[in-house]
1. Just to check I understand the Karplus step: with θ = phi - 60° and J = 6.51 cos²θ - 1.76 cosθ + 1.60, what whole-Hz values come out for the stretch 74-80, glycine and proline as x?
2. Go through the stretch 31-126 and name the GluC sites (Glu not before Pro) that are in a DSSP coil and have 14 or fewer other Cβ atoms within 10 Å of their Cβ.
3. PRE reach from F39 (point 7 Å along Cα→Cβ): which of the stretch 67-85 fall under 19 Å by backbone N?
4. Rounded to the nearest 500, what is the 222 nm mean residue ellipticity of the chain from helices alone, with -39500 (n - 2.57) per DSSP H run of 4+ residues and division by all residues?
5. With a cut-off of 8 Å between alpha carbons and a minimum separation of six or more residues, what is the relative contact order of the chain in percent?
6. Among the listed pairs K90/K119; K61/K119; K62/K90; K62/K119, which have their C-alpha atoms separated by more than 24 angstrom in this model?
7. V34's amide H: which non-local residues (gap 5+, or another chain) put their own amide H closer than 5 Å, with H modeled 1.01 Å from N in plane and none for Pro or chain starts?
8. For K47, list long-range residues whose amide hydrogen, built 1.01 Å from N in the peptide plane, is under 5 Å from its own amide hydrogen.
Amino acid sequence: MVMVYRIDRILSVKICSKDTSPQDTSLIDIAPNVWGGCFSEQPEHVKIRFYNEADVWNKVKKDLAYRTNGKLYEQDGFLYYEDTVYGISKLRTWIYGYGSSAVVIEPESLRLHIIDSFKRRLEHLP
């Protein structure tokens, strides 16, 4: 089991003589692909296209700078992000922050979920 702690919330640290090293370190291998600490979710391949508007490309590059396994590239006037992601629900929240500047290409289920969410929001506008 992986425990995620926010460093800014740790109040104290003590030296312990007991061996507390994790027995299973295999989850460390997928850590660069995990969004929001969702280690237990199933991995999904994602492909997202970003329009070059309102400094979006710079924001995306900054947000993804520590995502070492993902692929970020420019093609045909767009910026693309491809990766295998654990934690689609947390990735979805990140995508919402880019509004219409981000278009989910894959997976289709994520694209349809975002489209439905925007439609529901539009229905509730005055």
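1. 3J(HN,Hα) across the stretch 74-80, in whole Hz: 9, 7, 6, x, 10, 9, 10.
2. On the way: sites: E41, E44, E53, E74, E82, E108, E123; in loops: E41, E53.
Loop-located and lightly packed - E53.
3. Counting backbone N atoms under 19 Å from the label point, the list is 67-69, 84-85.
4. Details: 3 runs with 33 residues, N = 126.
The helix-only estimate for the chain comes to -8000 deg cm²/dmol at 222 nm.
5. Numbers: 136 pairs, mean separation 36.0, N = 126.
Computed over the chain, the figure is 29 percent.
6. Details: K90/K119 20 Å; K61/K119 28 Å; K62/K90 17 Å; K62/K119 29 Å.
Result: K61/K119; K62/K119 exceed 24 Å.
7. Amide H neighbours of V34: Y86.
8. Result for K47 returns I105, E106.
Coordinate-derived values only; no laboratory data. Every value quoted in this text rests on a predicted model; they were computed, and no experiment measured them. Reconstructed Cβ throughout: ideal geometry from the backbone, glycine too, with neighbour counts over all protein chains shown.
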